[in-house]
Every structure is written in C-alpha cells, then in structure tokens.
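Below is one structure, written out as structure tokens; comments come after it.
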Amino acid sequence: MASRERLYELWMLYCSKKDPDYLKLWLDSFVSSYEQFLDVDFEKLPTRVDDIPPGISLLPDNILQVLRLQLLQCVQKMSDGLEEQQQTLSLLLVKFFIILCRNLANVEEIGMCSYINYVITMTTLYIQQLKSKTKEKEVEDQTPIEEFVRHALAFCESLYDPYRNWRQRIAGSFLLSRPDNVEVKSLTCFLRLNEVDYLLGFCT
C-alpha cells in the first residue's frame, strides 16, 4: 500500500513536470492502496469492507478535472485504436472512479460529472470491436477489453446502485436501503440499466 507521502510526492512530480507517466504512477499507487474496494465479481455477494476510501475533499484539488481530461482523450483516440499504455490508463481511471464511489459521500459528485458518459462510450466501442473481430474470426487476446467492460459495469453499479441491491437480489439476500442523498432521474436509470443489462449479457 502506497503511503500518503508517496501519493503526494507522485502528484507533485506530475504537477511540476506535466509528465503523464507520473500521473499513471499516482493512479496505479492509489488503486493498489484501495484495491479491496473494487469488488467486480458479479457472481458473488458484495464484499464487506470495514474501512472506506477517502472523500473527494481529501484528494488533490484539481484531480477530477485532470482525470476527466485524460478520460476524454482516451475516448477521442478510440476510433484509431488505443495503444497498450492508453488501455492501461483507461482501466486505471475506471478503477479509480469505482473506488471513489465506494465512499457513498462521493457518489453524487461523481455522478454529476461526465465520467460515466465517457466510460459508456468507450465500452460501446470496445464491444463493437469485439463483435467485428468475432465475425472475422480473428484470434487474439481480448482480456484487456473484457476487463475494461467488466469494470465499466462495476462503475455503473457503483453510481446507480451504490448499495448493490441488484447483486443482493440475485443472491436472494436481504436488500439494503437506498441512499437518501443520491437522486437519479427515472429516465436516466432506465437507460443506464438497459446499458448494464446489455453489457453484462455480453460478458457472461
């Protein structure tokens, strides 16, 4: 687990040198420190973790704007195909947002931003690529794409079902109450749930 001092050091290096490699190192260290909160195995009941990830107010001041720009750049490069480093970065970004949303106090602010739209766009393009390659019977390792899609599902869940009632219902477990401070419009819920069903059907 990376210490707060190490995270701060990496962030300062990124800010001073504007080197994206330092940003990737910061993300990787952050995700590694809170990896237990990802919990992307939909075939199992949600894992209970006593601790919670940090609130947004404890993160670097402009971190959300910086990461939004990075995610947007990944979306813009999708049509030409992402290089391996960009695929790694996009997955790290999604993991970061999942972890943040495991702290319910962060869900509303993350939901008000455009991250989910970018992630859905990337996931849709990835699925189109997979379908095309399947038709053409191209044989290559699709693990990175499948991993991104699965984490995109977890991000949808963390935003629109932060208590993971859907997983509880499938497992026949007791449902938890919904968060009072998270308001999602009915139409948005309907659209997102359809997207999640579609993506999940592809992954399983």
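The values are calculated or read from the model by the stated rules, or taken from the named source; none is laboratory data. Being a predicted model, the structure only gives us computed values, none of them experimental. Positions of Cβ are generated from backbone atoms using ideal geometry, with glycine treated the same way; all protein chains shown enter the neighbour counts. SASA here: full protein model, heavy atoms, side chains in, ligands and nucleic acids out. Shrake-Rupley method; radii C 1.70, N 1.55, O 1.52, S 1.80 Å.
Assorted remarks:
- Residues considered: V107, V139, V119, V149. Of these, the only one that is in contact with a helix residue (DSSP H, G or I) (Cβ under 7 Å, 6 or more places away or on another chain) and at pLDDT below 90 is V149.
- Residue pairs meeting the criteria (Cβ under 7 Å; at least 6 apart or on separate chains; first under 19 Å from E84 (Cβ atoms) and open to solvent by 20 Å² or more (accessible area, probe 1.4 Å), in the stretch 6-33; second in a helix (DSSP H, G or I) and not hydroxyl-bearing (S, T, Y)): Y22/L10; Y22/L13; K24/L89; K24/L92; L25/L10; D28/L92
- Scanning the stretch 43-59 for residues that are part of a loop (DSSP other than H, G, I, E, B) and open to solvent by less than 30 Å² (accessible area, probe 1.4 Å) yields P46, P53, P54, G55, L59.
- Number of positions in the stretch 99-129 that are polar (S, T, N, Q), open to solvent by 10 Å² or more (accessible area, probe 1.4 Å) and part of a helix (DSSP H, G or I): 5
- Residue count, the stretch 39-84 (criterion: within 20 Å of R4 (Cβ to Cβ) and hydrophobic (A, V, I, L, M, F, W, C)): 9
- Take the conditions (1) closer than 16 Å to V31 by Cα; (2) touching a helix residue (DSSP H, G or I) at 6+ places or on another chain (Cβ under 7 Å); T88 misses just one of them, which is (2).
- The stretch 1-42, residues that are part of a loop (DSSP other than H, G, I, E, B) and either β-branched (V, I, T) or under 14 Å from F97 (Cα atoms) (or both): Y34, L38, D39, V40
- Of all residues in the stretch 73-85, those being open to solvent by less than 40 Å² (accessible area, probe 1.4 Å) and at negative phi number 4.
- Pairs, first in contact (Cβ under 8 Å) with a residue 60 or more places away in the chain and over 13 Å from L64 (Cα atoms) in the stretch 105-125, second surrounded by fewer than 16 Cβ atoms within 10 Å (Cβ to Cβ) and polar (S, T, N, Q), C-beta under 7 Å, six or more apart: E108/N181
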